[in-house]
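First up is the structure itself, then whatever we jot down about it.
Throughout, read-outs are computed from the coordinates displayed, never taken from laboratory work. Because the structure is a prediction, the values reported are computed rather than measured. Here Cβ is always computed from backbone atoms with ideal geometry, including for glycine, and neighbour counts include all displayed protein chains.
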Amino acid sequence: MPTILITGATAGYGLAMAHLFGSHHYNLVLIGRRSERLEAIQEEFKPKGVKVHVISLDVTDREAVDKALGSIPAEFADIDILVNNAGLAKGIDPAQKSNLDDWEIMIDTNIKGLPAFLRLPPPPAPPPVSTGGDPEFRLLFY
Ligand SMILES: NC(=O)c1ccc[n+]([C@@H]2O[C@H](COP(=O)([O-])OP(=O)(O)OC[C@H]3O[C@@H](n4cnc5c(N)ncnc54)[C@H](OP(=O)(O)O)[C@@H]3O)[C@@H](O)[C@H]2O)c1
């Protein structure tokens, strides 16, 4: 079965993607900070026969990301689809009153949190969805 890695899989779009691809029996690698949510999601998939590997980390922690990506179990290690989705919005004040700490968190998460995942090796075979024939192409969602 193909494998999909989803960051920000504990809620929102990421969780919806996990359910969608899980319903097609993809192997799931699910990432988020809340380990209890990840474990609950993993439990949910068990009776459905979907293989799930969960990783609790903060995408702004480069060392943790490198370590986690380097130790994905072999059966999940060939990632066919990357959903680089973890992110957040902070602060609702007008721009002139915005909190610079909020900006820093958003930039660290939504921008600087992405590239580490792009360094995953390309899939060994063409991905399951046709991409026009380029075997190096991996589906990416941001
Ligand atoms: N919803 C919108 O209208 C909208 C509009 C434009 C862009 N977006 C972007 O689309 C993406 C998904 O949005 P959503 O509405 O589904 O958001 P959401 O429901 O708040 O879910 C965000 C996900 O990102 C994870 N996350 C946040 N910060 C993280 C971090 N530092 N490290 C690891 N995981 C982190 C959260 O998990 P944990 O809390 O467990 O870490 C959660 O699983 C985000 O990047 C968001 O910025 C959303």
Handout entry: Within a Gaussian network of the chain (alpha carbon springs, distance under 10 Å), most fluctuating of ILE92, ILE55, ILE79
Key = ILE92
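If you wrap a convex hull around the Cα atoms of the chain, how much volume per residue is inside, in Å³?
Considering the Cα atoms of the chain, their hull volume per residue is 119 Å³.
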Completion exercise
Under the 7 Å Cα-to-Cβ spin-label approximation, ALA95 and GLU75 lie apart by a distance in nanometres of 5.1
Practice task
Compare SER56, SER98, SER71 in a GNM of the chain, Cα atoms joined below 10 Å, and give the one with the largest fluctuation.
Solution key: SER98
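For the stretch 3-141, what does the relative contact order come out to in percent, with C-alpha contacts under 8 Å and a separation of six or more?
Values: 217 pairs, mean separation 33.5, N = 139.
Taking the mean separation of contacting Cα pairs over the length of the stretch 3-141, I get 24 percent.
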Problem - Highest average packing first - 80-90, 5-15, Cβ atoms within 10 Å - result: 5-15, 80-90
